[in-house]
1. In segment 254-282, which residues are of a type outside the set (G, A, S) and touching a helix residue (DSSP H, G or I) at 6+ places or on another chain (Cβ under 7 Å)?
2. Could you check V208 against (1) over 27 Å from V370 (Cβ atoms); (2) more than 37 Å from the chain's Cα centre (by Cα); (3) β-branched (V, I, T); (4) open to solvent by less than 60 Å² (accessible area, probe 1.4 Å) and say which number it fails?
3. Got at least one residue in segment 175-188 being open to solvent by less than 60 Å² (accessible area, probe 1.4 Å), closer than 22 Å to L413 by Cβ and at pLDDT 85 or above?
4. Looking at segment 341-354, I want the residues that are free of Cβ contacts under 8 Å to residues at least 12 places away in the same chain and within 10 Å of E382 (Cα to Cα) and have a partner that is open to solvent by 10 Å² or more (accessible area, probe 1.4 Å) and outside any strand (DSSP E or B) with Cβ atoms under 9 Å, at least 6 apart or on another chain. Which pairs are those?
5. What number goes with the only condition from (1) within 24 Å of R261 (Cβ to Cβ); (2) surrounded by 15 or more Cβ atoms within 10 Å (Cβ to Cβ) that N325 does not pass?
6. May I ask you to list pairs of residues, at least six apart or on different chains, whose Cβ atoms are under 9 Å apart, with the first in segment 205-230 being farther than 22 Å from W409 by Cβ and the second being open to solvent by less than 10 Å² (accessible area, probe 1.4 Å) and part of a loop (DSSP other than H, G, I, E, B)?
7. Which condition does A257 not pass, out of (1) in contact with a His (Cβ under 9 Å, 6 or more places away or on another chain); (2) within 15 Å of T190 (Cα to Cα); (3) at pLDDT below 95, if it passes all the others?
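The values are calculated or read from the model by the stated rules, or taken from the named source; none is laboratory data. Note that the structure is a prediction, hence the values are computed from the model and not measured. Cβ: placed from backbone, ideal geometry, glycine included. Neighbour counts: every protein chain shown. Remember, those area values only see protein heavy atoms, side chains included, never the ligands or the DNA or RNA. Shrake-Rupley method; radii C 1.70, N 1.55, O 1.52, S 1.80 Å.
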Amino acid sequence: MHNDVGMVSSRRNSTGAFHRDGPVKDWTQFADPSPSPKLLYSQSYVVMRGLLASMASLDFALWSSTLKSACRSSERSKSKGMCCKRVAFQLFVFFMVGIFIGFTPFFSVDVSQKIVSRLPFDEGVDDKVKELDAIVVQKEVEVIDEPEVESPPVPAMLDDEVDFFEASSSAKPDVNDLVIPVRKLLIVVTITSVRPQQAYYLNRLAHVLKGVPPPLLWLVVEWPGTTVETADILRSSGVMYRHIMCRKNITNARKIAVCQRNNAIYHIKKHHLDGIVHFADEGRSYMGDVFEEMRKIRRFGTWPVANHDGSKYRVVLEGPTCKGNRITGWNTIQKKGTPRRFPIGFSGFAFNSTMLWDPQRWNRPALDSVIVHSGGRGGLQESRFIEKLVKHERQIEGLPDNCNRVMVWNFNLEPPQLNYPAGWSLWNNLEVNVPVT
């Protein structure tokens with residue numbers, strides 16, 4: 001019996017020795033000498049993980065050794081029952097200790113902070129920080145103790161100077177208050193047809209329109225159909241354009257022009273184009289200023305035009321006489337036949353396009369009949385068209401101020417029909433009249 005007790009005690013001592021002499025971990029390899037607070041959590045996590053691993057290894061070793069000893073002792077004698085109870089009690093105690101350690105908060109964070117804070121090189125950093133704080137505090141004290149320097153008195157300003165100062169301060173530009181000028185759309189209607197002078201006239205007018213600030217729409221109406229020559233000129237003009245046509249099978253030049261202008265009017269009505277409409281014949285010479293003056297028109301505007309009289313080699317001025325923008329009379333040579341109510345031609349006026357498709361804006365009945373009629377000679381065609389837009393001179397604006405500038409010329413320099421190559425392109429070689437010797 002004594003021998004058995006000695007064996008149990010020896011095993012118990014051996015178990016305790018195993019607990020004390022177990023594998024010792026070198027935890028210094030997990031320590032990070034860096035004092036950065038960003039690594040504190042990782043350090044505590046490594047320490048905790050090592051503690052849990054060591055506790056697990058100790059529990060497993062103790063459990064295995066006690067289990068072996070219990071099995072051997074139970075086989076030898078029944079008196080070892082008390083020893084098994086003790087072993088079970090020890091296992092329960094170790095199990096509870098492991099659970100307690102597993103649910104314990106990460107207390108090692110404070111330990112790691114203390115370890116890092118006690119590193120030797122951190123003391124020098126703290127000393128330097130303290131020195132810098134002392135220097136900053138000393139500088140602040142010196143600034144506070146400096147005597148205040150009294151600024152010289154500001155001389156009194158006169159009333160005019162005060163008003164000027166207030167006006168200049170209140171006149172500071174604000175980005176939100178900037179107003180971008182909005183220009184009216186100019187709708188320039190030009191009628192054309194294929195003939196020897198077409199390329200010259202269209203290119204000349206295109207150069208003038210290209211210099212006009214946008215927005216501008218060049219509405220070109222061709223008879224009897226759109227041609228490649230005209231399309232090439234329009235594409236190379238650099239002006240926004242629309243190319244439409246008149247398909248009527250007619251040969252009278254006056255009726256052809258009526259068809260082209262009415263097609264342009266129908267196009268404006270259909271698409272509700274909002275702007276200032278002007279019939280710019282390709283044979284007229286224009287200054288760029290006249291198009292800028294057109295943008296001032298509210299309803300209907302007119303200006304003087306210089307007409308060349310080829311038979312007598314003279315220029316006749318035709319148009320309004322004004323006082324400011326108010327029409328006071330007309331300057332014209334009265335032709336034989338029915339007198340004209342408004343003695344101006346198509347190149348001498350412009351009007352608001354909404355008068356064609358928005359009659360309610362102008363408190364007028366439906367204006368579907370506002371078209372160019374083929375009847376009438378000697379300027380009656382233009383006069384009858386204007387009568388559908390305005391009733392009297394009070395509704396007409398004179399341009400420019402006092403109507404004292406000529407900005408449009410009408411030179412009838414077109415020769416009779418000539419033979420020319422189609423599209424001004426030479427598909428065949430010319431005949432050799434002077435050979436190279």
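1. I265, I268, K269, H272, D274, I276, V277, H278, F279, D281, E282
2. (2)
3. For segment 175-188, residues open to solvent by less than 60 Å² (accessible area, probe 1.4 Å), closer than 22 Å to L413 by Cβ and at pLDDT 85 or above: present.
4. That search, which allows pairs on different chains as well, returns nothing.
5. Of the numbered conditions (1) within 24 Å of R261 (Cβ to Cβ); (2) surrounded by 15 or more Cβ atoms within 10 Å (Cβ to Cβ), the odd one out for N325 is (1).
6. Going by the 9 Å Cβ cut-off, the qualifying pairs are P215/G275; L217/G275; V221/C246; E222/C246; W223/C246; P224/C246; G225/C246.
7. A257 satisfies all of (1) in contact with a His (Cβ under 9 Å, 6 or more places away or on another chain); (2) within 15 Å of T190 (Cα to Cα); (3) at pLDDT below 95 except (1).
Results for (1) in contact with a Ser or Thr (Cβ under 6 Å, 6 or more places away or on another chain); (2) modelled with pLDDT under 85; (3) closer than 19 Å to Q260 by Cβ; (4) not polar (S, T, N, Q), shown as yes or no for each residue.
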| position | (1), (2), (3), (4) |
| --- | --- |
| R384 | no, no, yes, yes |
| V390 | no, no, no, yes |
| N404 | no, no, no, no |
| G423 | no, yes, no, yes |
| V432 | no, yes, no, yes |
| T437 | no, yes, no, no |
